[in-house]
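Colleague: Starting off with a structure, shown below.
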Amino acid sequence: MNPLGGNGSLPAAPAAGGWQPAVPAANWPEEDRRWMRRALALAGRARGRTTPNPLVGAVLVRDDRVVGEGFHRRAGAPHAEAEALRQAGDRARGATLYVTLEPCCHYGRTPPCSDALIRAGIRRVVAAMVDPDPRVRGRGLAALRAAGVRVEVGLLEEEARRLNAAYLAWNLLGRPLITMKYAMTLDGRIATRRGDARWITGDAARRFVHRLRDRVDLIAVGIGTVLADDPCLTTRLPRGGRDPIRLVIDSQARTPPGARVVRAAAASPAPTWIAVTERAPAHRVRALEAAGAQVLRVPATAEGRVDLAELLVELGRRGIRHVLVEGGAAIHGALLAAGLADHVLAFIAPKLVGGAGAPGPVGGPGVDRMAGALRLHRVRLRRLGDDWLVEGYLRDPATLPLDVFSATAPGVSRAGGP
Ligand code: AOF
Ligand code: ZN
């Protein structure tokens, strides 16, 4: 029995088990940790800019001095290792590379980093994690090892995995990472009984959401939210920011062509997509396309709704790695019922609005018994102005198992710590 959807069984979220650090960070020398922290900080500078590629930082160290460093700035740009090698020039010979992701060994948009590192005479490579990309998965490390480079992996792996949780989700789950976000009053309402929702939270919480939008690839909402609130779904930060793609999940193409989310496409560098089923009336689809939206036709469920699992796979094919779902209650209920929500951000304002008919953040039939409630893991609480943010995971893609050492990388051991 699916506790929220009423049929099927809820895919279990692996709470315990899954990936665990093999080498505790404390077992590595402080110098190694310091350089890897620097590589992680470099990688993080391109947050939200590298999709569909990972965030990667690299630091080349010789005689306790940085001789080159770099990070991957955007898809198609040089890899982090290539940037660091370019900066180091001849000083790379004999150096140690600290890199947040296993160096690649394949020809993609750029040539293999493993070859470039071997040619440059790098003596030791310390990687935070194996690359889950099926073209790599331990082969980059194996190539280095075969060429006589000393290879270690697993330093600050947890931090590296967290940084690339969306990239892990795509490579290991075959769909983007899903963050479900909502704002509610202390009595669990996302609007008053008359539908008024502006604003529930204060400035600090709303700014947080805009910083989040700046980093995700796509914001999705249901058609109910478009009809009720007419949101823009753009990123509005004091110093600009990047708009993610806007997506309306709208089986019957009921989005008004004049809706703000459609009109936003004229001014925003990011497009507006409308996901409809084959049964959406053709004239409404044409009107939306004429207004500048791109319509995605997605298979329908038995009830005639957009099949969310199919939609997410299609989004992944289009290069989307992190999706922020900003409501409404129906979409949240459907995602939970399908076991598709990974990460929850719940903003709580210390306000009471009451009203038996005022809506809550998660729709659908819900569970019958408290024992069937979905439980969040890794829960964190933070204060944003007068509001609170509760964050947690239903499934944490950063802990998905990825054990490649026996199969693909003979000679490279996970326990690299000296
Ligand atoms: C990056 N940046 O710094 C590293 C990556 O599209 P391409 O040809 O750039 O290849 C992307 C793949 O390269 C990616 O999936 C990952 O396996 C590998 N490493 N990618 O974008 C980097 N080191
Ligand atoms: Zn590479």
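Colleague: Just to confirm my numbers, what's the Cα centroid distance between the range 24-71 and the range 367-398 in Å?
Modeller: 30
Colleague: Within 10 Å of each residue's Cβ, count the other Cβ atoms and sort 181, 351 from fewest upward.
Modeller: Numbers: 181 23, 351 14.
By the 10 Å Cβ count, ascending, the order reads 351, 181.
Colleague: Here is a follow-up. Rounded, prolate or oblate for the range 337-389? Axes are the square roots of the Cα gyration tensor eigenvalues, ordered a ≥ b ≥ c, and the cut-off for rounded is a/c under 1.5.
Modeller: Values: a/c = 2.20, a/b = 1.17, b/c = 1.87.
Judged from the Cα gyration tensor, the range 337-389 comes out oblate (a/c at least 1.5, b/c at or above a/b).
Colleague: Continuing with the same structure: Any idea how far the Cα center of the range 263-279 sits from the one of the range 161-205, in Å?
Modeller: 20
Colleague: Specify whether the C-alpha gyration tensor of the range 269-325 places it in the rounded, prolate or oblate class, a ≥ b ≥ c being the square roots of the eigenvalues: rounded for a/c under 1.5, otherwise prolate if a/b is larger than b/c and oblate if not.
Modeller: Numbers: a/c = 2.51, a/b = 1.08, b/c = 2.32.
The shape class here is oblate.
Colleague: Shifting gears a bit: Which Cα, out of 261, 288, 237, lies furthest along the positive dipole direction of the range 210-308 (beta carbon charges, K/R +1, D/E -1)?
Modeller: After comparing all options, I get 237.
Colleague: What is the distance in Å between the Cα centres of the range 90-160 and the range 297-325?
Modeller: Measuring centre to centre over Cα atoms gives 34 Å.
Colleague: Taking only DSSP H segments of four or more residues, each worth -39500 (n - 2.57), what value at 222 nm results for the chain once the sum is divided by all its residues, to the nearest 500 deg cm²/dmol?
Modeller: Details: 13 runs with 115 residues, N = 418.
Rounded to the nearest 500, it is -7500 deg cm²/dmol.
Colleague: With a ≥ b ≥ c taken as the square roots of the eigenvalues of the C-alpha gyration tensor of the range 270-412, please select rounded if a/c is under 1.5 and otherwise prolate if a/b is larger than b/c or oblate if it is not?
Modeller: Numbers: a/c = 1.75, a/b = 1.05, b/c = 1.67.
It is oblate, given that a/c is not under 1.5 and a/b is not larger than b/c.
Colleague: With θ set to phi - 60°, apply the Karplus curve 6.51 cos²θ - 1.76 cosθ + 1.60 along the range 70-77 and write out the HN-Hα couplings as whole Hz, x wherever there is a Gly or Pro.
Modeller: x, 8, 7, 8, 6, 4, x, 7
Colleague: Starting from the amide H of residue 183, placed 1.01 Å from N in the peptide plane, find each other amide H under 5 Å away whose residue is 5 or more places distant or on another chain.
Modeller: Close amide H contacts, sequence-distant or interchain: 347.
Colleague: Using the number of other C-beta atoms within 10 angstrom as an exposure proxy, rank 113, 104 with the fewest first.
Modeller: Values: 113 30, 104 24.
Starting with the residue having the fewest Cβ neighbours, the order is 104, 113.
A short reminder: the numbers here are calculations on the coordinates, not readings from a lab. Since we're looking at a predicted model, the values are computed, not measured. All Cβ positions, even for glycine, are placed from backbone atoms using ideal geometry, and neighbour counts span all protein chains on display.
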